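So the structure is just underneath, and the comments pick up after that.
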Amino acid sequence: MKKLDEVKVLRDPIHGYIHIKYQIIWDCLNAPEFQRLRRIHQLGATHIVYHTAEHSRFSHSLGVYEIVRRMISENGDIGQALSQYEKITVMLAALLHDIGHGPFSHSFEHVSKYNHEECTCNIITGDSSIYRILSKENPRLPYDVASVINHTHPNSLLIQMVSSQLDADRMDYLLRDAYFTGTSYGEFDLERVLRTIRVKNQKLVVKESGIHTIEDYIMARYHMYWQVYYHPVSRSYEAILHSFFKRLFDVYHMDPSIIDEAPMFKALCEKEYLTNSELYELDECACQFGFMQLTKCEDDILKDLSNRLLSRHLFEYDDIYTIEQENEYFKWIQSHGFDPEYYMYVDRTEQRPYQPYRDHEDNAIWVLMRDGSIQELSKVSTIVDAILKGENKNEKKVFFPDELNN
Ligand code: NI
């Protein structure tokens with residue numbers, strides 16, 4: 001694997017520097033599909049609430065790569081457990097794990113059949129510059145990198161490093177999102193985590209002395225979810241985004257000529273799945289331009305929703321507990337002349353900060369005890385055990401136009 005003549009270092013507020021030693025990593029970074037991530041916000045609509053949350057998927061992806069690079073080069077256990085080829089594979093998987101993200105992150109996945117993980121694998125193994133870079137090095141490499149991302153790689157250690165309960169992806173986004181939102185909830189001691197992880201029977205484990213750091217990390221996730229990721233104001237923006245696309249699809253089916261005014265949405269209206277080049281063109285800049293164009297369209301609902309998205313004229317929201325309340329809202333919205341189809345949005349959220357064994361035992365965090373045994377985290381941490389036994393925090397909210405309150 002060819003090394004660069006000189007290590008490239010990129011300034012980063014979370015990790016100090018990102019270090020790039022291999023030509024192939026540098027080439028992927030410079031590929032158009034990776035550069036596109038500069039035009040996708042890491043946190044979708046969160047900058048609507050926390051105005052400095054303008055960071056992109058580009059910087060997050062570099063951060064995940066840097067954590068994996070440090071795991072490999074600074075942690076003796078991990079360094080010894082992997083072959084040179086596996087090290088390159090897992091660093092590439094870290095760098096490319098989000099390359100298939102669409103505009104506005106996860107809210108976009110609700111309006112289309114789009115799935116970012118599938119798109120990521122399509123880019124890595126399909127027609128793309130990334131595929132050409134990887135396959136030139138080794139014809140197997142694109143498939144091995146994709147198999148880490150879609151959880152089918154035979155060496156589960158690689159998968160755990162990139163995507164598990166204690167992975168480089170989460171570690172980077174918690175710290176980065178906390179930094180860029182200006183909140184302190186997401187902070188935890190990354191240096192300590194990196195020092196206390198070990199490999200035992202191909203499993204990533206944490207030394208018993210690292211338990212308190214891991215408890216802190218789990219609490220950080222819990223607070224970030226409710227204070228940042230599920231903030232009702234950014235969900236209000238997402239509700240309008242949802243209605244916008246719903247209306248666009250409905251109008252398009254009645255009269256396809258609407259798309260002449262916003263051709264960037266053509267593929268999305270016509271097809272269930274986007275090709276790599278269609279996805280490449282659909283970044284957040286294209287969407288914003290589309291909203292702008294549609295403020296001038298004939299359809300009043302689409303026009304109004306576009307204006308709301310551009311000028312942050314958000315929906316109001318309220319907690320609801322029963323189906324009767326939901327019906328009341330439906331009638332109330334209708335009686336004010338708004339079509340509930342596009343002006344009412346009901347959203348339920350639920351989050352547990354840690355769920356061992358949900359789909360697979362790799363979804364648990366394992367602790368290496370002093371006597372050499374391995375225990376699941378909640379068995380040895382009273383705090384985590386208490387969180388698991390506690391009630392699930394969940395809520396249901398209805399979103400509606402604020403004009404109703406005037
Ligand atoms: Ni990520």
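The values are calculated or read from the model by the stated rules, or taken from the named source; none is laboratory data. Computed from a predicted structure; not experimentally measured. Side chains are part of the model used for accessible areas, which takes the heavy atoms of the whole protein and leaves out ligands, DNA and RNA. Shrake-Rupley method; radii C 1.70, N 1.55, O 1.52, S 1.80 Å.
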Seminar exercise, completed: Heavy-atom accessible area of TRP26, protein chains in place, probe 1.4 angstrom, given in Å² to nearest 10, is 60 Å²
Exercise. Using a Gaussian network model of the chain with C-alpha springs under 10 Å, which one of HIS223, HIS97, HIS41 is most mobile by mean-square fluctuation?
Worked result: HIS223
Problem set entry | Among ALA220, ALA239, ALA81, residue whose mean-square fluctuation peaks in a GNM of the chain (springs only between Cα atoms under 10 Å) | ALA81
Problem set entry | Estimated vicinal HN-Hα couplings, Hz - region 315-329 in sequence order (Karplus 6.51, -1.76, 1.60; Gly, Pro = x) | 7, 7, 8, 8, 7, 10, 10, 10, 5, 4, 4, 4, 5, 4, 4
Exercise. Given the pairs LYS2/LYS203; LYS87/LYS200; LYS271/LYS296, which span a C-alpha to C-alpha distance of over 22 angstrom in this model?
Worked result: LYS2/LYS203; LYS271/LYS296
Exercise. Reachable lysines from LYS393, Cα under 22 Å, same-chain residues fewer than 8 places away excluded?
Worked result: LYS379
Seminar exercise, completed: Karplus ³J(HN,Hα) for region 199-215 (6.51 cos²θ - 1.76 cosθ + 1.60, θ = phi - 60°; Hz, whole; x = Gly/Pro) runs 10, 9, 6, 6, 10, 7, 10, 10, 5, 3, 5, x, 3, 5, 5, 5, 4
Exercise. So how far, in whole Å, is the C-alpha centre of region 1-71 from the one of region 331-406?
Worked result: 29 Å
Problem set entry | Cross-link partners of LYS21 among aspartates and glutamates (Cα-Cα below 18 Å; sequence separation of 8 or more within a chain) | ASP5, GLU6, ASP12, GLU66, GLU74, GLU86, GLU137
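Quick one: grab the alpha carbon gyration tensor of the chain, order the square roots of its eigenvalues as a ≥ b ≥ c, and give me rounded if a/c is under 1.5, else prolate or oblate depending on whether a/b is larger than b/c. Could the numbers behind the result be given before it?
On the way: a/c = 2.29, a/b = 1.40, b/c = 1.64.
It is oblate, given that a/c is not under 1.5 and a/b is not larger than b/c.
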Exercise. Which of ARG348, ARG195, ARG308 moves most in a GNM of the chain, Cα contacts under 10 Å?
Worked result: ARG348
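At 222 nm, what helix-only mean residue ellipticity would the chain give, in deg cm²/dmol to the nearest 500, using -39500 (n - 2.57) for each DSSP H run of four or more?
Result for the chain: -15000 deg cm²/dmol, rounded to the nearest 500.
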Problem set entry | Rounded, prolate or oblate (a/c below 1.5 giving rounded, otherwise prolate when a/b exceeds b/c) for region 125-234 by Cα gyration tensor | oblate
For this session: Whole Å is fine, so just give me how far the alpha carbon centre of region 207-250 lies from that of region 94-161.
Result: 22 Å
